[in-house]
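Asks: Next up is a structure, given as structure tokens.
The values are calculated or read from the model by the stated rules, or taken from the named source; none is laboratory data. Values in this document were obtained by computation on a predicted structure and should not be read as measured data. Here the Cβ is made from the backbone with ideal geometry for all residues, glycine too, and neighbour counts use every protein chain on show. Please note that ligands, DNA and RNA were not included when accessible areas were found on the heavy atoms of the full protein model with its side chains. Shrake-Rupley method; radii C 1.70, N 1.55, O 1.52, S 1.80 Å.
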Amino acid sequence: FYCKMAQREVHQSGWDSKRCVILLGVILDCIALSSCLTVRQSVRLRVGLLSEMNASDTDELWFPQRLDHFNGADGRVWKQRYFINDTFYRSGGPVFLMIGGEGPANPAWMQYGTWLTYARMLGAFCVMLEHRFYGRSHPTEDLSTDNLRYLSSKQALADLAHFRTVLADQMGFAGNKWVAFGGSYPGSLAAWFRLKYPHLVHAAVATSAPVHAVVNFPEREMLQCRRPTCGLQSGLWLSLRQERGDVLLSSRATLQHSC
């Protein structure tokens with residue numbers, strides 16, 4: 001359509017080929033800009049819907065968590081926030097554990113998200129645990145350097161293991177299959193949770209998960225500017241499959257996050 005329009009303009013005005021190329025370039029730029037604006041508006045709409053959802057529909061629950069899982073002499077505990085959704089649960093169904101990350105756990109995810117579609121299909125019980133030191137989960141009174149030594153992925157994984165064990169006993173889910181969910185850093189935690197505690201979690205869905213930690217990660221900025229190659233994604237997916245067959249990686253989510 002746009003090419004025919006450009007041809008008509010050239011024929012009527014008698015433009016030369018150079019002007020034709022310029023006109024066509026302007027038209028294509030307009031098309032690309034329109035597409036980008038549409039995508040951005042769609043993303044903003046989705047984010048807005050999440051932020052506007054009534055958080056009061058999901059009750060806050062509190063789990064007595066250990067401060068230091070690796071010091072048997074330290075018996076201090078603190079309250080870790082979590083949320084549950086048992087709407088779709090059927091007896092014997094799996095337990096879906098959504099892992100919180102470097103920010104407050106949003107209760108809206110207990111009412112929205114692809115993982116709830118899976119829960120409806122499989123009759124799953126859904127629970128989300130907030131990450132220590134974020135949101136309203138405060139293990140210590142302040143963020144002093146001495147207290148921040150308790151902020152680590154190692155402690156966070158132990159939080160998940162302890163939470164899963166106690167909750168399973170309390171709610172009769174010890175024999176159910178547990179599946180961990182997470183995206184980005186929580187996606188890494190989901191994969192590591194399965195690898196480190198395979199007796200506690202049956203599978204992990206790790207979306208956009210940088211499973212190999214590095215000190216400097218300039219590739220992240222590069223991936224935001226252009227799509228990663230299929231080989232890169234396939235290689236990472238195969239690497240995970242080879243190490244632990246039931247650790248899953250969402251390639252679609254990786255593309256959406258990186259483009």
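Asks: Restricting attention to segment 69-84, which residues are open to solvent by 70 Å² or more (accessible area, probe 1.4 Å), farther than 16 Å from residue 140 by Cα and not in a loop (DSSP other than H, G, I, E, B)?
Replies: none
Asks: Could you look through segment 111-124, keep only residues that are touching a Gly at 6+ places or on another chain (Cβ under 8 Å) and outside any helix (DSSP H, G or I), and pick out the one that is surrounded by the most Cβ atoms within 10 Å (Cβ to Cβ)?
Replies: Taking the candidates together, the pick is 124.
Asks: Can you report the number of residues in segment 159-173 which are out of contact with any helix residue (DSSP H, G or I) (no Cβ under 9 Å at 6 or more places or on another chain) and more than 13 Å from residue 82 (Cα to Cα)? Before the answer, list the steps.
Replies: Restricting attention to segment 159-173, the residues satisfying the condition of being out of contact with any helix residue (DSSP H, G or I) (no Cβ under 9 Å at 6 or more places or on another chain) are 159, 162-163, 165-172.
Narrowing the set further to residues that are more than 13 Å from residue 82 (Cα to Cα) leaves 162, 165-166, 168-172.
Count: 8.
Asks: If you check residue 143 against the conditions, is it touching a Phe, Trp or Tyr at 6+ places or on another chain (Cβ under 9 Å), of a type in the set (A, V, I, L, M, F, W, C) and in a loop (DSSP other than H, G, I, E, B)?
Replies: yes
Yes/no per residue for (1) at positive phi; (2) crowded, with 20+ Cβ neighbours inside 10 Å; (3) polar (S, T, N, Q):
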position	(1), (2), (3)
170	no, no, yes
180	no, yes, no
188	no, yes, yes
195	no, no, no
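Asks: Hey, can you tell me all the residues within segment 165-190 that are in contact with a strand residue (DSSP E or B) (Cβ under 6 Å, 6 or more places away or on another chain) and assigned to a helix (DSSP H, G or I)?
Replies: Answer for segment 165-190, where residues must be in contact with a strand residue (DSSP E or B) (Cβ under 6 Å, 6 or more places away or on another chain) and assigned to a helix (DSSP H, G or I): 186, 187, 189, 190.
Asks: Can you tell me how many residues in segment 85-110 are without any contact (Cβ under 8 Å) to a residue 60 or more places away in the chain and either assigned to a helix (DSSP H, G or I) or buried (at least 18 other Cβ atoms within 10 Å of the Cβ) (or both)?
Replies: Number satisfying all stated conditions: 9.
Asks: Sticking with this one: How many residues does segment 197-214 hold that are outside any loop (DSSP other than H, G, I, E, B) and open to solvent by 20 Å² or more (accessible area, probe 1.4 Å)?
Replies: Narrowing segment 197-214 to residues outside any loop (DSSP other than H, G, I, E, B): 203-207.
Add one more test, that the residue is open to solvent by 20 Å² or more (accessible area, probe 1.4 Å), and what stays is 205, 207.
So the answer is 2.
Asks: Looking at (1) basic (Lys, Arg); (2) in contact with a Lys or Arg (Cβ under 7 Å, 6 or more places away or on another chain); (3) without any contact (Cβ under 8 Å) to a residue 40 or more places away in the chain, which is the one condition that is false for residue 196?
Replies: Result: residue 196 passes all but (2).
Asks: Among the candidates 62, 115, 78, single out the residue that is at negative phi and within 15 Å of the chain's Cα centre (by Cα).
Replies: Only one candidate passes the filter, namely 115.
Asks: Filter segment 179-198 down to the residues that are among the aromatic types (Phe, Trp, Tyr) and under 16 Å from residue 83 (Cα atoms) and list them by number.
Replies: The one that is among the aromatic types (Phe, Trp, Tyr) and under 16 Å from residue 83 (Cα atoms): 181.
Asks: More than 22 Å from residue 191 (Cβ to Cβ), modelled with pLDDT of 95 or more and open to solvent by 90 Å² or more (accessible area, probe 1.4 Å): does that describe residue 66?
Replies: No.
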